[in-house]
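Enquirer: Take this structure, written in structure tokens, and hold onto it; I'll ask about it next.
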Amino acid sequence: MHKNIVNNHLIRLLSFLILLGLQPFTCPLFANDKILDVSQVNQDSIFLTNYCSVFEDASAKRTLADVITPDIAVQFQSNQKSAEAFSFGYKTSAYWLRMTLRNSTEKSVERMLEISDARLSHIQFYQPNLNHQYSVITTGLSFPFSTRPYKNHYFVFPIVIPAHSEQTYYLRIESKTTILIPLKLWETNAFHVHEQTYYHVQTWYFGMVSAMVIFNLLLFILLRDCIHLLYVASSFTIAVVSAGINGLFKEFIFPDSTFWIDKTVPYLTGIATVAFLFFMRNMLNTKIVIPKFDKLIQFTISLYLLILLGLTLIPLQMPTKPLVIIYFLTPFLVMAVCVKCVLKKQRRAYFFSIAFFIFIIGAAITQMRSASLLPTNIFTIYAIQIGSVLEMQLMAIALADRFNSMRKERENAQVELLETQQRLVDSLKESELILEKRVMERTLELQIAN
């Protein structure tokens with residue numbers, strides 16, 4: 001019996017090696033897979049969603065040796081919808097993507113395979129080598145930045161497709177956050193131009209944020225008004241969240257960190273929201289203007305503080321869905337507060353409301369682009385950052401208007417005080433004259449009586 005078991009293992013191992021060695025030549029076996037001829041693509045880049053077949057590994061334990069076996073290979077779902085990204089939501093499953101690229105020219109072709117979501121925890125990229133076997137690159141947010149084959153804030157894999165060949169590539173992806181896989185194939189020079197443009201835009205964005213933060217920090221030091229410090233906290237944390245989402249936090253701040261890095265974006269988002277709610281309370285004076293809503297804001301802040309404590313103590317997957325619900329409902333609370341203060345005809349609420357709505361529109365445009373409801377262009381790509389910069393500018397205008405209003409109120413109060421003092425002086429003078437007149441009249445009466 002032991003001999004039979006050994007023979008079975010040897011047969012399975014031999015089968016695996018044969019399949020592994022022949023895999024680059026077995027593309028036609030995947031009859032339903034749509035093959036992309038890279039030599040025929042006349043664009044700088046192309047989305048690969050409808051060129052990939054997908055297999056969900058619910059156990060998250062299968063290896064490449066498992067998924068290339070015929071019984072699993074046929075389970076890959078082909079004919080995917082054309083979109084910018086695969087969106088699988090919050091799952092503990094591992095997702096396998098299979099794609100076949102063809103080069104029908106006389107020369108080898110170089111391309112850049114980009115996954116433009118920096119929050120994916122674990123990525124394995126399998127590509128055939130010159131020995132017709134697969135080599136693997138393992139990277140992801142949970143791994144040091146040095147594991148990336150190409151140094152970029154996203155996950156980029158340079159590939160070379162030999163002349164007159166078809167090659168099948170595999171991607172295995174799992175994540176502790178939402179699994180969103182924007183998969184794109186770039187012409188090499190076009191990618192480098194795109195990369196430079198991206199970093200230029202990010203330099204502009206963070207330069208603007210830094211200027212606003214430093215300016216208001218100086219105002220806080222000069223004026224000793226805590227609202228400027230709350231503005232600094234809100235703007236700074238929003239910018240750091242943006243850096244976390246775009247992968248810049250990992251690239252430039254903690255490139256080798258693997259501990260707790262998956263929680264960076266949700267944790268910073270919670271801190272940014274708390275800072276923003278404190279800023280809103282102070283800015284709109286909700287404690288006096290709308291006291292009932294103010295209590296709801298305080299309850300929401302307490303809820304976020306509990307979430308931050310939970311993120312500190314428990315794994316990320318456990319509070320994910322409650323986090324999404326709370327994050328989804330918070331903008332509606334802010335909009336309700338804005339509308340209520342506008343109806344109260346509070347001047348600063350107009351600026352605050354416009355600023356917040358611009359930010360929400362930017363976030364909505366970004367989400368709609370990810371869902372392929374809007375086209376991809378420079379505006380839709382950077383909509384949320386454009387919205388956040390405009391929000392910061394309008395909030396700064398609102399702070400300036402608040403400062404001018406408070407100064408006018410102080411000036412009016414001083415004028416009223418001076419007028420009151422003048423009236424008191426005039427009243428005292430009048431009283432003195434009346435008293436003096438009465439004294440003179442009494443003195444005259446006494447003289448006559450004497």
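The values are calculated or read from the model by the stated rules, or taken from the named source; none is laboratory data. The model shown is predicted, which means the values in this text are computed figures rather than measured ones. Here Cβ is always computed from backbone atoms with ideal geometry, including for glycine, and neighbour counts include all displayed protein chains. The accessibility values were calculated without ligands, DNA or RNA, using every heavy atom of the protein model including side chains. Shrake-Rupley method; radii C 1.70, N 1.55, O 1.52, S 1.80 Å.
Enquirer: Have a look at ILE386, ILE361, ILE354 and point out the one that is under 24 Å from GLY270 (Cα atoms), in contact with a Gly (Cβ under 7 Å, 6 or more places away or on another chain), part of a helix (DSSP H, G or I) and open to solvent by 60 Å² or more (accessible area, probe 1.4 Å).
Expert: The unique qualifying residue is ILE361.
Enquirer: Test LEU141 against the criterion of being in contact (Cβ under 8 Å) with a residue 40 or more places away in the chain and open to solvent by less than 10 Å² (accessible area, probe 1.4 Å), and give yes or no. Working first, answer last.
Expert: Numbers: in contact (Cβ under 8 Å) with a residue 40 or more places away in the chain: yes; open to solvent by less than 10 Å² (accessible area, probe 1.4 Å): no.
No, not satisfied.
Enquirer: Specify which of the listed residues (PHE157, PHE88, PHE125, PHE143) is among the aromatic types (Phe, Trp, Tyr) and outside any strand (DSSP E or B).
Expert: Just a single option satisfies the conditions, and that option is PHE143.
Enquirer: Further question on the same structure: Quick one: is ALA363 touching a residue at least 12 places away in the same chain (Cβ under 8 Å) and either acidic (Asp, Glu) or under 30 Å from LEU296 (Cβ atoms) (or both)?
Expert: Yes; evaluated as a whole, the condition is true for this residue.
Enquirer: Which one of these does LEU120 not meet: (1) under 22 Å from GLN75 (Cα atoms); (2) open to solvent by less than 60 Å² (accessible area, probe 1.4 Å); (3) at pLDDT below 95?
Expert: All conditions are met except number (1).
Enquirer: Please count how many residues of segment 220-278 are in a loop (DSSP other than H, G, I, E, B) and open to solvent by 20 Å² or more (accessible area, probe 1.4 Å).
Expert: 10
Enquirer: Quick one: how many residues across segment 324-338 are of a type in the set (Val, Ile, Thr) and either more than 25 Å from GLY270 (Cβ to Cβ) or open to solvent by less than 30 Å² (accessible area, probe 1.4 Å) (or both)?
Expert: So the count comes out to 3.
Enquirer: Among all residue pairs at least 6 apart or on different chains, which show Cβ distances below 8 Å where the first residue, located in segment 65-85, is at positive phi and the second is part of a helix (DSSP H, G or I)?
Expert: ASN79/ASN50
Enquirer: Just for segment 404-440: of the residues that are open to solvent by less than 80 Å² (accessible area, probe 1.4 Å) and closer than 30 Å to ASP225 by Cβ, which one is farthest from the chain's Cα centre (by Cα)?
Expert: Restricting to residues being open to solvent by less than 80 Å² (accessible area, probe 1.4 Å) and closer than 30 Å to ASP225 by Cβ, the top hit is THR420.
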